[in-house]
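Right, one structure below, let's go through it.
The values are calculated or read from the model by the stated rules, or taken from the named source; none is laboratory data. Predicted, not measured: the structure shown is a model, and the values here were computed from it. Cβ coordinates were reconstructed from backbone atoms using ideal geometry, including for glycine residues, and neighbour counts include every protein chain displayed. Note: areas computed on protein heavy atoms with side chains; ligands, DNA, RNA excluded. Shrake-Rupley method; radii C 1.70, N 1.55, O 1.52, S 1.80 Å.
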Amino acid sequence: MEYPAVEIPVNSLVPIGVVTASIIAGFFSFVSLVLAKEQKVSEFRQQWIDSLREDLSQFISKLMTMKDVKKNIALAKEKKQKPDFSLSDVKELHTAISEAYTRIILRLNPNENCSYSKDLTESLNKINKLMKEKQWNEISSGVEELRGLSQQVLKTEWTRVKEGEPTFKWSKRIAILMFTVAIGIAVFMFHNI
C-alpha cells in the first residue's frame, strides 16, 4: 500500500528546521545542565564516602587502642605498678573516639531507606553504650559487627555513585528517547520531500 505524499511547501522548511533545531538545542542544554548538577552531587557523595570511611577507621582504631590502654592500666593496678599510659593519654583517646563517633552519627541520615545505615547507627550506639559501661571485653565483637555493617553501607553508597543519581538516569533515558524521536522525525520529513 502506498501512502500519499505529504507536500510541504519549500518556503516553510526553513522555519520548521529552525524551530526544530532550537527545540533540540534547548533540550540538550537542559540535559547538559542536569548532568552537570548530578555530576557535582556524585562528587559530593564520593567525598562523603571517603570522609565516612576515614571517620569509621579512626573510631575503630582509637577504640581498640583505648581497649588495650584500659587492659594495660588494669594489669598495672594488679601488679601495683605504674601504667604505661597517663590520664592525659586516656583523655586524649576518649576525645578522639567521641569526635569520630559524633562525625559518623552526623553523617548518617536517620531517615535513609537503607537498612544498613540504620543498623550501622544501632551498632555505633551499642558500642558507645558498652564504652560508657566500661565493658571493654565486649567491644571487640561490637567492632567486628561495625566493620561488617560499615562495608555494606560504603558498598551501597559506592554503587549509588557508580550508577548515578536517579535524575541522571532519567535524564539519560529521556535524552536517548528524544534523540531517537528527532532522528525519526528528520528521516520522515526528508523522506517526504
The number of residues in the range 109-125 that are surrounded by fewer than 16 Cβ atoms within 10 Å (Cβ to Cβ) and at pLDDT 85 or above is 2
For the range 40-51, which residues satisfy the criterion of being closer than 14 Å to ARG103 by Cβ and touching a residue at least 12 places away in the same chain (Cβ under 8 Å)?
TRP48, ILE49, SER51
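Any residue in the range 162-181 that is surrounded by 14 or more Cβ atoms within 10 Å (Cβ to Cβ), out of contact with any Gly (no Cβ under 8 Å at 6 or more places or on another chain) and under 19 Å from ASP55 (Cβ atoms)?
Our first condition is that a residue be surrounded by 14 or more Cβ atoms within 10 Å (Cβ to Cβ); within the range 162-181, this holds for 164-165, 168, 171-172, 174-175, 178-179.
Next, from what is left, pick out any that are out of contact with any Gly (no Cβ under 8 Å at 6 or more places or on another chain): 164-165, 168, 171, 174-175, 178-179.
Subsequent filtering for residues that are under 19 Å from ASP55 (Cβ atoms) retains none.
No: zero hits.
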Can you list residue pairs whose Cβ atoms sit under 8 Å apart, with the first residue in the range 18-32 being closer than 15 Å to VAL181 by Cα and the second being open to solvent by 50 Å² or more (accessible area, probe 1.4 Å)? Count only pairs 6 or more apart in sequence or on different chains.
THR20/ILE185; ILE24/MET178; PHE27/MET178
Can you give me the number of residues within the range 52-92 that are under 35 Å from the mean Cα position of the chain (by Cα), free of Cβ contacts under 8 Å to residues at least 60 places away in the same chain and open to solvent by 40 Å² or more (accessible area, probe 1.4 Å)?
10
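Residues to consider are LYS132, LYS155; find the one that is of a type in the set (D, E, K, R) and under 28 Å from ASN72 (Cβ atoms).
Numbers: LYS155 fails: under 28 Å from ASN72 (Cβ atoms).
Among LYS132, LYS155, only LYS132 is of a type in the set (D, E, K, R) and under 28 Å from ASN72 (Cβ atoms).
Within the range 130-142, does at least one residue satisfy the condition of being within 25 Å of LYS67 (Cα to Cα) and under 19 Å from the mean Cα position of the chain (by Cα)?
Residues of the range 130-142 that are within 25 Å of LYS67 (Cα to Cα), as a first pass: 130-142.
Subsequent filtering for residues that are under 19 Å from the mean Cα position of the chain (by Cα) retains none.
No, the range 130-142 contains no residue that is within 25 Å of LYS67 (Cα to Cα) and under 19 Å from the mean Cα position of the chain (by Cα).
Can you tell me which residues in the range 82-139 are part of a loop (DSSP other than H, G, I, E, B) and either farther than 26 Å from GLU157 by Cβ or of a type in the set (A, V, I, L, M) (or both)? Before the answer, list the steps.
Of the range 82-139, the ones part of a loop (DSSP other than H, G, I, E, B) are 82-86, 108-114, 133-138.
Across the range 82-139, the qualifying residues are LYS82, PRO83, ASP84, PHE85, SER86, LEU108, GLU133, LYS134, GLN135, TRP136, ASN137, GLU138.
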